[in-house]
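Asker: Structure below; questions to follow.
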């Protein structure tokens, strides 16, 4: 009995040792071929972000990165490709909240389950959008805006870039957190909403700061606040809307995902390489030129942030009765 127990113990220890050695070998061997990063939107948008940070990852990992645009259905076509890919670290998704969070609330049926079929790898950026007003607005800063809306419930009108867009959802969450009563008008993109704010048809609009730098600097548009708790490096003097709604935080963000089941040692290696590139002065500068703030996070921080977003947006979308078109 004693010799049998010793044999079993040795076998168990040997098996555990082999498993540990095997995991380490996987991490050391990875990557031994090019990595594909799927961008679930058309070329010319998010892939500009990808092309800014991937050279540093290539230099660190020693393998090429192939960027593949797979647009369609609000990003879910490309996300599904990654969700169904082998969990080996060679097929990654680069996405904003659309395909990894919001689609859960917007779509009645999805070809994949983001929570069960994807896992977070790294964060790339996190930055607030900006609420700006045109020259006809009767307020020019956050305090004046809050006072005016309270004195004139339902009279102030803000525009977004479409029902269900992150711009729209950021306004809805601000209404919920602040208790302010204003109206929201849906436009087909910022290209339509900004001219109406400039022309006085609406009071203001939520847009990406990088798209209105010229109008702000010329004084044609006045910044009221940013949708994230953190201020923007592009306009550090502009306060956060959270100053008027303490529990409010609605940044736009972009991250990297892998198929669920990808070994943790490979995820850690990918996170380290991506985060190192994101923190580099060259990438921080390039992201700032694109109007966003680089934001690196550990593997666990990435997934914790994702879980926090999942707890907010799908439920809000359902409460609003929004569905994808």
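Asker: Could you say which residue among 66, 57, 81 is in the same structural domain as residue 122 (by TED's automatic domain parsing), outside any helix (DSSP H, G or I) and either modelled with pLDDT of 90 or more or out of contact with any strand residue (DSSP E or B) (no Cβ under 8 Å at 6 or more places or on another chain) (or both)?
Answerer: Numbers: 57 fails: outside any helix (DSSP H, G or I); 81 fails: outside any helix (DSSP H, G or I).
The conditions single out 66.
Asker: Now a separate question. Would you confirm, using the coordinates I've provided, whether residue 205 is more than 22 Å from residue 105 (Cβ to Cβ) and modelled with pLDDT of 95 or more? Reasoning before the result, please.
Answerer: Numbers: more than 22 Å from residue 105 (Cβ to Cβ): yes; modelled with pLDDT of 95 or more: yes.
When the stated conditions are applied, residue 205 passes them.
Asker: Now, a different point. When you go through (1) out of contact with any helix residue (DSSP H, G or I) (no Cβ under 7 Å at 6 or more places or on another chain); (2) surrounded by fewer than 20 Cβ atoms within 10 Å (Cβ to Cβ) one by one for residue 82, which number turns out not to apply?
Answerer: Condition not satisfied by residue 82: (2).
Asker: Same structure again: Can you find a residue in region 96-110 that is under 21 Å from residue 269 (Cβ atoms), in contact with a strand residue (DSSP E or B) (Cβ under 8 Å, 6 or more places away or on another chain) and in contact (Cβ under 8 Å) with a residue 24 or more places away in the chain?
Answerer: Here is the first cut: in region 96-110, the ones under 21 Å from residue 269 (Cβ atoms) are none.
Within region 96-110, none of the residues are under 21 Å from residue 269 (Cβ atoms), in contact with a strand residue (DSSP E or B) (Cβ under 8 Å, 6 or more places away or on another chain) and in contact (Cβ under 8 Å) with a residue 24 or more places away in the chain.
Asker: Follow-up question, since we're still on this one. Can you give me the number of residues within region 178-202 that are within 27 Å of the chain's Cα centre (by Cα) and assigned to a loop (DSSP other than H, G, I, E, B)?
Answerer: Of the residues in that region, 6 qualify.
Asker: Among (1) closer than 30 Å to residue 299 by Cβ; (2) more than 27 Å from the chain's Cα centre (by Cα), there is one condition residue 147 misses while meeting the rest; what is its number?
Answerer: Residue 147 satisfies all of (1) closer than 30 Å to residue 299 by Cβ; (2) more than 27 Å from the chain's Cα centre (by Cα) except (1).
Asker: Residues in region 195-202: is at least one crowded, with 17+ Cβ neighbours inside 10 Å and closer than 21 Å to residue 103 by Cα?
Answerer: no
Asker: Out of all the residues in region 257-270, is one or more crowded, with 17+ Cβ neighbours inside 10 Å and either within 29 Å of residue 177 (Cβ to Cβ) or modelled with pLDDT under 95 (or both)?
Answerer: Checked region 257-270: at least one residue is crowded, with 17+ Cβ neighbours inside 10 Å and either within 29 Å of residue 177 (Cβ to Cβ) or modelled with pLDDT under 95 (or both).
Asker: State whether the residues of region 148-165 include one that is touching a strand residue (DSSP E or B) at 6+ places or on another chain (Cβ under 9 Å) and closer than 26 Å to residue 284 by Cβ. Talk me through it step by step, then tell me what you get.
Answerer: Taking region 148-165 first, the residues touching a strand residue (DSSP E or B) at 6+ places or on another chain (Cβ under 9 Å) are 154-165.
Still in the list and also closer than 26 Å to residue 284 by Cβ: none.
Scanning region 148-165, I find no residue that is touching a strand residue (DSSP E or B) at 6+ places or on another chain (Cβ under 9 Å) and closer than 26 Å to residue 284 by Cβ, so the answer is no.
Asker: Looking at the structure I just gave you, is residue 92 touching a residue at least 24 places away in the same chain (Cβ under 8 Å) and not in a helix (DSSP H, G or I)? Reasoning before the result, please.
Answerer: Details: touching a residue at least 24 places away in the same chain (Cβ under 8 Å): yes; not in a helix (DSSP H, G or I): yes.
Taking the combined requirement at face value, the residue satisfies it.
One line per residue, one yes/no per condition, for (1) surrounded by fewer than 19 Cβ atoms within 10 Å (Cβ to Cβ); (2) more than 12 Å from the chain's Cα centre (by Cα):
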residue: 96; (1), (2): no, no
residue: 107; (1), (2): yes, yes
residue: 110; (1), (2): yes, yes
residue: 115; (1), (2): yes, yes
residue: 119; (1), (2): no, yes
residue: 122; (1), (2): no, no
residue: 125; (1), (2): no, no
residue: 132; (1), (2): no, yes
residue: 140; (1), (2): yes, yes
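Here's the yes/no breakdown for (1) under 15 Å from the mean Cα position of the chain (by Cα); (2) closer than 23 Å to residue 82 by Cβ; (3) surrounded by 22 or more Cβ atoms within 10 Å (Cβ to Cβ):
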site	(1), (2), (3)
241	no, no, yes
255	yes, yes, yes
274	no, yes, yes
285	no, no, no
289	no, no, no
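Asker: Name the residues in region 20-43 that are part of a helix (DSSP H, G or I), surrounded by 15 or more Cβ atoms within 10 Å (Cβ to Cβ) and at pLDDT 60 or above, would you?
Answerer: Of the residues in region 20-43, the ones part of a helix (DSSP H, G or I) are 20-29.
Still in the running and surrounded by 15 or more Cβ atoms within 10 Å (Cβ to Cβ): 26-27.
Answer for region 20-43, where residues must be part of a helix (DSSP H, G or I), surrounded by 15 or more Cβ atoms within 10 Å (Cβ to Cβ) and at pLDDT 60 or above: just 27.
Asker: Looking at this structure, is residue 177 out of contact with any helix residue (DSSP H, G or I) (no Cβ under 9 Å at 6 or more places or on another chain), surrounded by 15 or more Cβ atoms within 10 Å (Cβ to Cβ) and touching a residue at least 60 places away in the same chain (Cβ under 8 Å)?
Answerer: no
Asker: Which strands (runs of 3 or more DSSP E) sit wholly inside region 111-177 and have at least 1 residues that are modelled with pLDDT of 95 or more and more than 21 Å from residue 232 (Cβ to Cβ)? Break it down stepwise before answering.
Answerer: Details: elements: 118-127, 130-133, 157-160.
Output list reads 118-127, 157-160.
Asker: Enumerate the pairs (first residue in region 255-275 and assigned by TED's automatic domain parsing to the domain that holds residue 41 and at positive phi; second residue anywhere and in a loop (DSSP other than H, G, I, E, B) and buried (at least 23 other Cβ atoms within 10 Å of the Cβ)) with beta-carbon separation below 9 Å, excluding pairs fewer than 6 apart on the same chain, so at least 6 apart or on different chains.
Answerer: none
The values are calculated or read from the model by the stated rules, or taken from the named source; none is laboratory data. For clarity, every value in this text was computed on a predicted model and none was experimentally measured. Using ideal geometry, Cβ is built from the backbone for each residue, glycine included, and neighbour counts are taken over all protein chains shown.
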